[in-house]
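The values are calculated or read from the model by the stated rules, or taken from the named source; none is laboratory data. On a predicted model such as this, the values are computed, not experimentally measured, just so you know. Methodologically, a virtual Cβ is constructed for each residue, glycine included, from the backbone with ideal geometry; neighbour enumeration extends over all protein chains shown.
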Amino acid sequence: MITMNDIVREGHPSLTKKAAKVNVPLSVDDKQLLEDMLQFLKNSQDEEIAEKYNLRAGVGLAAPQLGVEKQLIALHFEDSKGKKYSMGLANPKIISHSVEQSYLQNGEGCLSVDRVIEGYVPRHARITITATDINDNPVKLRLKDYPAVVFQHEIDHLNGVMFFDRINEDNPFAIPDNAIEIS
Ligand SMILES: O=CN(O)CCNC(=O)c1cccc(Cl)c1Cl
Ligand code: NI
């Protein structure tokens with residue numbers, strides 16, 4: 001099982017490199033890694049398991065956070081309306097996005113960052129992504145609000161971008177023009 005020991009931290013080169021696209025159909029190993037990443041997220045959100053294995057909670061995970069420079073991400077969370085997102089994806093790509101931006105009122109955190117970094121992380125408010133799922137099916141998702149934020153946080157990891165790279169250095173709580181606050 002994946003535990004915190006498997007997650008690389010700030011300073012590890014995998015976190016600031018562009019990850020490689022993976023072959024489709026997915027190899028047995030890539031499928032297994034997506035399964036293991038998804039299971040980690042579920043475990044991290046289970047009070048007993050998280051306490052037993054000292055897991056920090058996460059709603060998403062990207063393979064570079066495990067030192068694996070491949071375009072693989074896993075997501076496990078519900079949106080504000082109770083819609084569940086629980087999936088492993090290969091080669092996710094943002095094919096279009098809104099001009100409008102959004103940000104989480106409470107900011108963001110990262111399992112590869114062992115410190116609290118305050119500030120708003122401006123992101124595209126709405127995105128359309130394509131990817132391949134764990135069963136080799138093509139996926140096209142139109143996302144907004146919290147789901148759009150989480151997917152962008154993960155896709156950033158595949159491009160070597162950390163959430164704090166997007167925080168305004170002069171004023172971390174500067175609000176981009178016509179940005180939507182997500183609480
Ligand atoms: O890359 C994934 N992680 O680092 C897992 C830990 N962070 C979170 O679960 C998290 C927390 C707040 C906002 C966002 Cl957008 C995310 Cl993603
Ligand atoms: Ni992260």
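Within the set of pairs 6 or more residues apart or between chains, which connect a residue that is among the acidic types (Asp, Glu) inside the stretch 50-74 to a residue that is within 14 Å of ligand 2 (Cβ to nearest atom) with Cβ atoms less than 6 Å apart?
So the pair list comes out as Glu69/Ser14; Glu69/Ala19.
Scan the stretch 147-182 for residues that are within 16 Å of ligand 2 (Cβ to nearest atom) and under 21 Å from Lys81 (Cα atoms) and report the count.
Looking only at that region, the number is 7.
Given the residues Val121, Val149, Val113, which is the only one that is in contact with a helix residue (DSSP H, G or I) (Cβ under 9 Å, 6 or more places away or on another chain), hydrophobic (A, V, I, L, M, F, W, C) and buried (at least 20 other Cβ atoms within 10 Å of the Cβ)?
Val121
Report the residue count in the stretch 111-146 for those that are within 16 Å of ligand 2 (Cβ to nearest atom) and not in a loop (DSSP other than H, G, I, E, B).
So the count comes out to 2.
Pairs please, first residue from the stretch 11-25 and closer than 15 Å to Asp165 by Cα, second anywhere and modelled with pLDDT of 95 or more and among the basic types (Lys, Arg), Cβ atoms under 9 Å, 6+ apart in sequence or on different chains.
Leu15/Arg9
Residues are listed down the side, and each one gets a yes or a no for (1) in a strand (DSSP E or B); (2) within 16 Å of ligand 1 (Cβ to nearest atom); (3) within 23 Å of Ile134 (Cα to Cα):
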residue	(1), (2), (3)
Glu51	no, no, no
Val68	no, yes, yes
His76	yes, yes, yes
Ser80	no, yes, no
Tyr85	yes, yes, yes
Asn91	yes, no, yes
Ile94	yes, yes, yes
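Select from the stretch 23-49 the residues that are buried (at least 20 other Cβ atoms within 10 Å of the Cβ) and not in a helix (DSSP H, G or I) and list them in ascending order.
The answer is Leu26, and nothing else.
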